[in-house]
Amino acid sequence: MGAERTILKTQVGIVGGGPAGLMLSHLLAKSGIENIVVEKRDHETIRTTHRAGILEHGSVRMLTETGVSDRVLSEGYRHEGIDLRFGGESHRIDFEDLVGESVWLYPQNEVFTDLAAARERDHGDVRYGVSDTAVVDLATDTPKILFTDSDGRDFEIHCEILVGSDGSGGICKRSIPKEARTDNFIEYPFAWFGILTRAAPSAPELIYANSDRGFALISQRNDEVQRMYFQCDPNEDAQSWSEERIWDELQARVDGPDGFQLTRGPVFEKTVLKFRSYVCEPLRYGNLFLAGDAGHTVPPTGAKGLNLALADVRVLFEAIDSFYATRSAELLDGYSDKALKRVWRAQNFSYWMTSMLHTRADATLFERKRALGELSGVVASRHGSAYLAEAYTGWPNT
Ligand code: DHB
């Protein structure tokens, strides 16, 4: 570290340049509110990190209506439903018919690419590859971000509002004193084995499959590349799995009397994704506000993570915008409660989808059959299916 820190002043300092941080930065800039984003990863690392691929209609609208990009509409795929598959049979949940909405298959790294390009186009101040980031003086009128930039120069950002959008392993949440926050969380006794394969799509829409061998998700990316996952042990070593073993396991989880067959291809990425449910309450400490995974994480089943982050950003942006327009902190004071309402709904949905579709290694026969009863109740009932469709496509903004 050098001896001198250069001091930068801005209105909003944002730690974390993933989709949440960049979207907030974009919206603030459009409203004439100065902001600086610092991000520890470099652009290329974020661009090539594979995350979930489903956008709610509200997330798509946010990207297109705020002028980020229309690429989601031209290069994404609109999905009007999903299949729930159990007992070897597929049951379509028709989102359009049930709730008049659909979702878009458009990977999170593409959302990042679009947002990063929009910030660059609009000359936003986004600093990638920073290190030694710390946030201090959070409960004062001038919270600060300390960091070293990618050239090794030390900086101190003095801001009025500090936003932590630095993901589940970020420093912002951990900078809130333990006695000033409640950590709500549960662990799951399983993880996802995720692959990318060069093959034609196995199905036109996503298949969420429950089987005695565990959960599997058949997703897509485009005409040539597909994304699939299957439930595995959190300590599984992905690299020890051969391609053939992966395909045999995936196929066994979707086997059924209808003879459905996955289209196999070379597997060019395999990773074990661990997950948990977590909510930090409140999503605020002094003048630090948490958004997205920095404040809460959901298990991946149902793809709520990014959508929830963008929903936080919408609420937080309105609050910050109102603060600078009126100097009233009313909406800022209401941010945590308002955002947490949606967060807990999504926590419930993600927990429900996860527990309904996965099979615990120690599940009794009763528990297995109860889960099948739950699944058949959902697909047999218009009301049950409509709850799933409404939650999956995204609740209206509240
Ligand atoms: C994908 C991931 C999810 O967690 C999900 O529920 C749906 C799709 C995906 O990566 O395609």
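The values are calculated or read from the model by the stated rules, or taken from the named source; none is laboratory data. All of these numbers come straight from a predicted model, not from anything done at the bench. Heads up: the accessible areas ignore ligands, DNA and RNA and are worked out on the full protein's heavy atoms, side chains in. Shrake-Rupley method; radii C 1.70, N 1.55, O 1.52, S 1.80 Å.
Subtracting the Cα-Cα distance from 0.36 nm times the residue separation, let me have the gained length for residue 325 to residue 61 in nm, one decimal.
Fully extending the segment from residue 325 to residue 61 adds 92.6 nm.
Using only alpha-carbon positions, what ratio does the radius of gyration of the range 39-82 give when scaled by 2.2 N^0.38 Å?
Relative to the 2.2 N^0.38 Å estimate, the range 39-82 comes out at 1.37.
When the chain is fully extended, how far beyond the present Cα-Cα distance does residue 89 get from residue 142, taking 0.36 nm per residue of separation?
Contour length minus Cα-Cα distance gives 13.2 nm.
Once ligands and nucleic acids are excluded and a 1.4 Å probe is used, how much of residue 298 is accessible, expressed in Å² to the nearest 10?
Surface accessible to solvent at residue 298 totals approximately 30 Å².
Among 219, 102, 328, which one moves the most in a GNM of the chain with springs linking Cα atoms closer than 10 Å?
Most flexible of the set in this elastic network: 328.
With contacts defined as alpha carbon pairs under 8 Å and 6 or more residues apart, what's the relative contact order of the chain in percent?
On the way: 814 pairs, mean separation 80.8, N = 398.
Contact order relative to length: 20 percent.
Going out from 0 in 5 Å bins, what whole percent of all Cα-Cα distances in the range 107-220 drops into each bin?
Histogramming the range 107-220 at 5 Å steps yields 2, 7, 11, 14, 14, 12, 12, 11, 8, 6, 2, 0 percent.
Across the chain, how many lysine pairs separated by 8 or more positions, or lying on different chains, have Cα atoms within less than 25 Å?
26
For 175, 240, give me the order by solvent-accessible area with a 1.4 Å probe, most accessible first, ignoring ligands, DNA and RNA.
Descending accessible area places them as 240, 175.
Taking only the Cα atoms of the range 180-259, how large is their convex hull per residue, in Å³?
148
So what are the range 285-398's ellipsoid semi-axes, whole angstrom, largest first, if each one is the square root of 5 times an eigenvalue of the alpha-carbon gyration tensor?
36, 15, 9
Could you list log10 I(q)/I(0) for the range 317-367 at q = 0.17, 0.24, 0.25, 0.29 Å⁻¹, which the Debye formula gives when each Cα is one point scatterer?
For the range 317-367 at q = 0.17, 0.24, 0.25, 0.29 Å⁻¹, log10 I(q)/I(0) is -0.64, -0.86, -0.88, -0.99.
Give me the distance between the Cα centres of the range 108-132 and the range 221-289, rounded to whole Å.
Result: 27 Å between the Cα centres.
When the helices in the chain are scored as -39500 (n - 2.57) per DSSP H run of 4 or longer and the sum is shared across all residues, what 222 nm value do you end up with, to the nearest 500 deg cm²/dmol?
That comes out to -11000 deg cm²/dmol.
Based on the Cα atoms of the range 47-165, what semi-axes does the equivalent ellipsoid have, where each is the square root of 5 times one gyration tensor eigenvalue, given in whole Å with the largest first?
With the √(5λ) rule applied to the range 47-165, the semi-axes are 39, 17, 15 Å.
In Å², what does the accessible area per residue of the chain work out to with a 1.4 Å probe?
About 42 Å² of surface per residue is accessible.
Using a Gaussian network for the chain with springs between C-alpha atoms less than 10 Å apart, which of these wobbles most: 265, 58, 169?
169
How many percent of Cα pairs in the chain exceed 32 Å?
The share of Cα pairs beyond 32 Å in the chain comes to 36 percent.
Compactness ratio of the range 52-112: Cα Rg over 2.2 N^0.38 Å, N = residue count?
The value comes to 1.27.
Leaving ligands, DNA and RNA out of it, report the carbon-plus-sulfur percent of the accessible area of the range 56-109 at a 1.4 Å probe.
Ligands and nucleic acids excluded, carbon and sulfur reach 40 percent.
Quick one: in the range 162-312, what % of C-alpha pairs are over 22 Å apart?
50
Extension gain residue 237-residue 74, at 0.36 nm per residue separation less the Cα-Cα distance, in nm?
55.0 nm
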